[in-house]
Amino acid sequence: MKYTDLMNLFAKSKDKTVGKKIAGNTWVVKMGDNYGIKLYDTIIMIFEMNGSVTLNSGGYRTRTTKDRINEFSGMHVTQENGLWYVHARDQVVLFTDNMVIPPHGPIGDDASIKTTTTDKKAVDRMVSKYIKGFIDDMLINGIPDPSNGDCWCCLMKSVDNPNDLEPMGYSHYFSHFEEKYYVPIIFHKAIDENNYPNPGLILSMMKSNKDFLKREGTHVLQKFFRRRKLGMVAAMSVKT
């Protein structure tokens with residue numbers, strides 16, 4: 001789609017505060033002089049009058065997000081080893097949240113793709129090892145309650161932007177990995193982010209059933225870190 005397509009679609013919306021629905025849980029909305037495509041509560045694309053398009057997953061690298069971008073952006077996003085790539089005008093670049101694709105197409109280089117791929121594999125290994133250690137520790141010592149003594153960075157939440165997963169950045173996770181510091185708040189945040197209908201019941205089941213803790217606890221931690229891995233990859237490039 002192009003800017004004018006979205007402008008015409010939005011003009012047909014009955015409620016301008018909601019926008020025009022164009023697919024399941026997906027709307028065209030107006031953002032000042034620009035138009036956006038919103039999936040649930042996340043603006044995944046912004047179209048400007050000059051032809052630029054901003055792409056964003058909001059941390060939700062899901063199949064639906066990718067499908068919507070592919071359907072409406074005029075570009076093609078693929079996934080390999082947990083990384084997204086944008087294909088446009090005979091170019092391929094890494095997908096990053098809030099990346100701006102100019103009218104003449106994305107600009108990237110093979111070196112950055114190679115570096116990011118290498119860093120992503122390293123983060124995958126660190127996260128897998130940390131999750132296993134976290135679960136093993138809880139199977140022996142139980143599930144600890146979060147407290148103000150937990151990692152300060154892990155405790156922080158963004159007041160202004162709930163989509164900002166880590167307002168204090170991602171580099172603090174590397175020290176947790178190295179020190180094998182299994183921060184209680186991380187596990188409780190992972191349960192909350194999984195959107196269980198009754199998180200208290202799930203936590204109680206984990207405390208009373210070690211098999212359930214091993215299976216479901218691993219699942220929620222994997223999901224928690226999956227949303228943060230690319231932030232860690234970016235932090236690693238700064239760290240090194």
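Just so you know, all these numbers are worked out from the coordinates, no wet-lab data involved. For clarity, every value in this text was computed on a predicted model and none was experimentally measured. Here the Cβ is made from the backbone with ideal geometry for all residues, glycine too, and neighbour counts use every protein chain on show.
Details
- Put simply, the amide H of F95, placed in the peptide plane, has neighbours under 5 Å in W84, Y85, V86, leaving out anything fewer than 5 places away on its chain.
- Packing-based exposure ordering (other Cβ within 10 Å, fewest first) of V92, V53: V92, V53
- Relative contact order of the chain, defined on C-alpha pairs under 8 angstrom at six or more residues apart (%): 13
- Calculated [θ] (222 nm, deg cm²/dmol) that DSSP helices of n ≥ 4 give over the chain, each run adding -39,500 (n - 2.57): -14500 deg cm²/dmol
- Across the cross-link table entries K20/K66; K120/K180; K66/K189; K16/K66; K114/K157, which are compared at the Cα atoms, the separations over 29 Å belong to K114/K157.
- Counting only whole DSSP H helices of the chain, there are none at least 27 Å long by C-alpha along their axis and with mean Kyte-Doolittle hydropathy no lower than 1.6.
- Annotation: amide H of S73 has no partner in the under-5 Å range at sequence separation 5 or more or interchain, hydrogens built in the peptide plane.
- Cα gyration tensor, region 1-141 - rounded (a/c under 1.5), prolate or oblate: oblate
- Taking 0.890 mPa s as the viscosity and 25 °C as the temperature, the Stokes-Einstein diffusion coefficient of region 111-240 based on its alpha-carbon Kirkwood radius rounds to 159 µm²/s.
- Contact order for region 130-240, expressed relative to its length and based on alpha carbon pairs under 8 Å spaced 6+ residues apart, stands at 33 percent.
- Note on R125 and M205: the extension gain reaches 25.9 nm, defined as 0.36 nm multiplied by sequence separation minus the Cα-Cα distance.
- Neighbourhood net charge (15 Å Cβ-Cβ; Lys/Arg +1, Asp/Glu -1) for K121: +3
- Averaging the sequence gap over all C-alpha pairs within less than 8 Å and six or more residues apart, then dividing by the number of residues, gives region 3-108 a relative contact order of 17 percent.
- Scanning the chain for cysteines with no neighbouring cysteine C-beta under 4.7 angstrom from their C-beta gives C153.
- Cβ charges +1 (Lys, Arg) and -1 (Asp, Glu), total dipole of region 1-139, debye: 440
- The charge dipole of the chain, taken about its Cα centre with unit charges on the Cβ atoms of Lys, Arg (+1), Asp and Glu (-1) only, comes to about 560 debye.
- Per residue Cα convex hull volume in Å³ - calculated over the chain: 143
- Euclidean distance of C-alpha centroids, region 118-146 and region 5-30, integer Å: 43
- Contour excess over end-to-end distance, with Cα ends at T4 and S52 and 0.36 nm allotted per residue: 16.0 nm
- Distance in nm between pseudo-label sites at D15 and T96 (7 Å out along the Cβ direction from Cα): 3.7
- Amide H within-cut-off set for Y35, under 5 Å, with H built and near neighbours excluded: F47
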